[in-house]
Amino acid sequence: MRTEREAAQKSIAENRKAFHDYHVLETFEAGVALVGTEVKSIREGNVNLRDSFARIESGEVWLYNVHINPYSHRGYSDHEPTRRRKLLLRKAEIRKLIGKTVEKGLTLVPTRMYLRNGFVKVSLALAKGKKAYDKRETIKRREADRDTRAAVKERRGSDHHGKSFMRSQKSV
């Protein structure tokens, strides 16, 4: 059963590539300043976060390269699909982000877009870029985990069949 908080958050889009390309250190929740047709298009699920990033310019956080397809039932009004969009954060959060991105050379990457209580929110990650060998390491670890899960599943399956076979032999 889902909790009340999970029910209030409907995931719209995820940026899985961000977890492949970056080490995620910390996440922030930010609102997004949008036009009406953008909100309607996002509710339809027509959004892509791949290759998107955020920058801090003159004390404001801006989201770049988020592709929101035009709304299907639009009339005369329309929006530019990849325009920059302002992220709504508290000043203390923005100051914290400025400090970490300038000092440590970290990047701001949107990892997830979702609806919370009817408002479009973005999960913004403070991340450090992975090197090529880190990516290979992650892939190796993932494959090893997959292999062990398969081996355990296979073993459980053979144990299960063996036990049921023994039970059927006893009853005969």
Item to complete: Go through segment 63-80 and give me each residue that's farther than 19 Å from L115 by Cα and not basic (K, R).
Response: Y64, N65, S72, H73, G75, Y76, S77, D78, H79, E80
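Residue-wise test of (1) of a type outside the set (G, A, S); (2) touching a helix residue (DSSP H, G or I) at 6+ places or on another chain (Cβ under 8 Å); (3) modelled with pLDDT of 80 or more; (4) not assigned by TED's automatic domain parsing to the domain that holds N69.
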| residue | (1), (2), (3), (4) |
| --- | --- |
| Q9 | yes, no, no, no |
| A18 | no, no, no, no |
| Y22 | yes, no, yes, no |
| K40 | yes, no, yes, no |
| R43 | yes, no, yes, no |
| N46 | yes, no, yes, no |
| R50 | yes, yes, yes, no |
| R55 | yes, no, yes, no |
Worksheet entry | segment 27-59: number of residues that are more than 18 Å from E14 (Cβ to Cβ), touching a strand residue (DSSP E or B) at 6+ places or on another chain (Cβ under 7 Å) and among the β-branched types (V, I, T) | 1
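For the condition exposed (fewer than 13 other Cβ atoms within 10 Å of the Cβ) and of a type in the set (V, I, T), what is the one hit in I94, I139, I98? Working first, answer last.
Working: I94 fails: exposed (fewer than 13 other Cβ atoms within 10 Å of the Cβ); I98 fails: exposed (fewer than 13 other Cβ atoms within 10 Å of the Cβ).
That would be I139, the only listed residue that is exposed (fewer than 13 other Cβ atoms within 10 Å of the Cβ) and of a type in the set (V, I, T).
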Discussion item. Which numbered condition in (1) closer than 21 Å to S11 by Cα; (2) surrounded by fewer than 19 Cβ atoms within 10 Å (Cβ to Cβ); (3) under 18 Å from the mean Cα position of the chain (by Cα) is the only one that H23 fails?
Written reply: (1)
Practice prompt. Any residue in segment 102-127 that's touching a residue at least 60 places away in the same chain (Cβ under 8 Å) and β-branched (V, I, T): show its pairings with residues that are surrounded by fewer than 20 Cβ atoms within 10 Å (Cβ to Cβ) and in a loop (DSSP other than H, G, I, E, B) at Cβ separation under 9 Å, as long as the two are six or more apart or on different chains.
Written response: V120/L34
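The values are calculated or read from the model by the stated rules, or taken from the named source; none is laboratory data. Please read all numbers here as calculations on a predicted model, not as lab measurements. Because the Cβ atoms are built from the backbone with ideal geometry, glycine has one as well, and the counts that use them run over all protein chains shown.
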